[in-house]
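> Structure below; questions to follow.
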């Protein structure tokens, strides 16, 4: 019998199981507290439970673990990049970042990615599987334990497309924000998507309060389709309508991520097209100099991103250049996993 993933279970689900075992209801709350507040990694640590119950839990359930395969710490700032090995031997990446208001953690939601964006290292090694809610939570737990910090904000912007793993991501958010568990406000969470329109609308209807970041990267259908295959299925007209719907349902402005690629999407014509595309949107554009990947030819300097920001501002678009963190440790997602998988092959 395959053991159940107890860390991915809601309190209601756990309570139902505990009652079926003939245990009093309050035992479920005790177990849930050990898992989500004290963040223990073994049933033997649940010291206020009877030994017989701990033994039964160990037989029927598992507590997912992650293992640090590599840890890179920046000499330029406090950024730390982790390559985590999962229980099945697959790898994902997590990046810890320091800001004035606290620590933020960029987590992965899939092993690999199906989306095929041409400039991204995450897609090169291929898609393997979705992460469970517990594997997302464990990225937080293990990073906090290793770094000795408390994470105050989460970014779902690591390896994988969060909206392609919708059910597991929604369960992760439910467990993360549960007032009887981890208690993190989802206003401290940012979810980044390449633009899976039906899921964007579904997310809007859930009114979670999180910040939605849309990876745009080109202001025309022809240009975006060339680097982001998802645009062939959900073109810009549909994507922009979904963004407007998200704002109308949640009152939360959408952030547009734009990887500046010199000579590809940073001309005056691109700035003018982007301004036209975003007209009437409650939006902010976050410019990112594209990360160099050896298998790809795209590149950009910070100055190129700043020059494009000035072009956008002349057209009335509010934009900023994202602060570069961990550039000396290749903190962009996908690079460590690709290297690890290449060595295993």
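The values are calculated or read from the model by the stated rules, or taken from the named source; none is laboratory data. This structure is a prediction, so every number in the text was calculated from the model and none was measured. All Cβ positions, glycine included, derive from the backbone under ideal geometry; neighbour counts span all protein chains shown.
> May I ask you to verify whether residue 37 is over 30 Å from residue 125 (Cβ atoms), at pLDDT 95 or above and touching a strand residue (DSSP E or B) at 6+ places or on another chain (Cβ under 7 Å)?
In short, no.
> Evaluate the following for residue 133: is it over 24 Å from residue 257 (Cα atoms) and under 13 Å from the mean Cα position of the chain (by Cα)?
Judged against the criteria, residue 133 is a match.
> So residue 85 ticks every box in (1) buried (at least 16 other Cβ atoms within 10 Å of the Cβ); (2) free of Cβ contacts under 8 Å to residues at least 40 places away in the same chain; (3) farther than 30 Å from residue 323 by Cα but one. Which box is left unticked?
In the conditions (1) buried (at least 16 other Cβ atoms within 10 Å of the Cβ); (2) free of Cβ contacts under 8 Å to residues at least 40 places away in the same chain; (3) farther than 30 Å from residue 323 by Cα, residue 85 misses (3) alone.
> Let me ask something additional. Can you find, within segment 65-81, the residue that is surrounded by the fewest Cβ atoms within 10 Å (Cβ to Cβ) among those that are assigned to a loop (DSSP other than H, G, I, E, B) and touching a strand residue (DSSP E or B) at 6+ places or on another chain (Cβ under 6 Å)?
The residue in question is 78.
> Further question on the same structure: Would you call residue 283 more than 20 Å from residue 300 (Cα to Cα), in the same structural domain as residue 307 (by TED's automatic domain parsing), crowded, with 17+ Cβ neighbours inside 10 Å and at pLDDT below 95?
Criteria met by residue 283.
> Could you check, for segment 36-43, whether at least one of its residues is in the same structural domain as residue 211 (by TED's automatic domain parsing), farther than 20 Å from residue 196 by Cβ and part of a loop (DSSP other than H, G, I, E, B)? Explain how you work it out, then say what you get.
If we filter segment 36-43 for residues that are in the same structural domain as residue 211 (by TED's automatic domain parsing), which is where we start, we get none.
Within segment 36-43, not a single residue is in the same structural domain as residue 211 (by TED's automatic domain parsing), farther than 20 Å from residue 196 by Cβ and part of a loop (DSSP other than H, G, I, E, B).
> Follow-up. Might you check whether a residue that is assigned by TED's automatic domain parsing to the domain that holds residue 160, touching a strand residue (DSSP E or B) at 6+ places or on another chain (Cβ under 9 Å), more than 15 Å from residue 283 (Cα to Cα) and free of Cβ contacts under 8 Å to residues at least 60 places away in the same chain occurs anywhere in segment 223-244?
No, because not a single residue in segment 223-244 is assigned by TED's automatic domain parsing to the domain that holds residue 160, touching a strand residue (DSSP E or B) at 6+ places or on another chain (Cβ under 9 Å), more than 15 Å from residue 283 (Cα to Cα) and free of Cβ contacts under 8 Å to residues at least 60 places away in the same chain.
> When you go through 146, 141, 164 one by one, which is the residue that is part of a helix (DSSP H, G or I) and surrounded by fewer than 18 Cβ atoms within 10 Å (Cβ to Cβ)?
The match here is 146.
> So if I check each of 184, 170, 200, which one is free of Cβ contacts under 8 Å to residues at least 40 places away in the same chain and assigned to a helix (DSSP H, G or I)?
170
> Which count do you get for residues in segment 86-111 that are at negative phi and part of a loop (DSSP other than H, G, I, E, B)? Before you say what the answer is, go through the steps one by one.
First, pick out the residues of segment 86-111 that are at negative phi: 86-88, 90-101, 103-111.
Filter once more, so that each one left must be part of a loop (DSSP other than H, G, I, E, B): 86-88, 90, 100-101, 108-109.
Number of matching residues: 8.
> Answer yes or no as to whether residue 159 is within 19 Å of residue 8 (Cα to Cα) and either touching a strand residue (DSSP E or B) at 6+ places or on another chain (Cβ under 9 Å) or in a helix (DSSP H, G or I) (or both).
no
> Got a number for residues in segment 44-57 being assigned to a helix (DSSP H, G or I) and loosely packed, with under 15 Cβ neighbours inside 10 Å?
5
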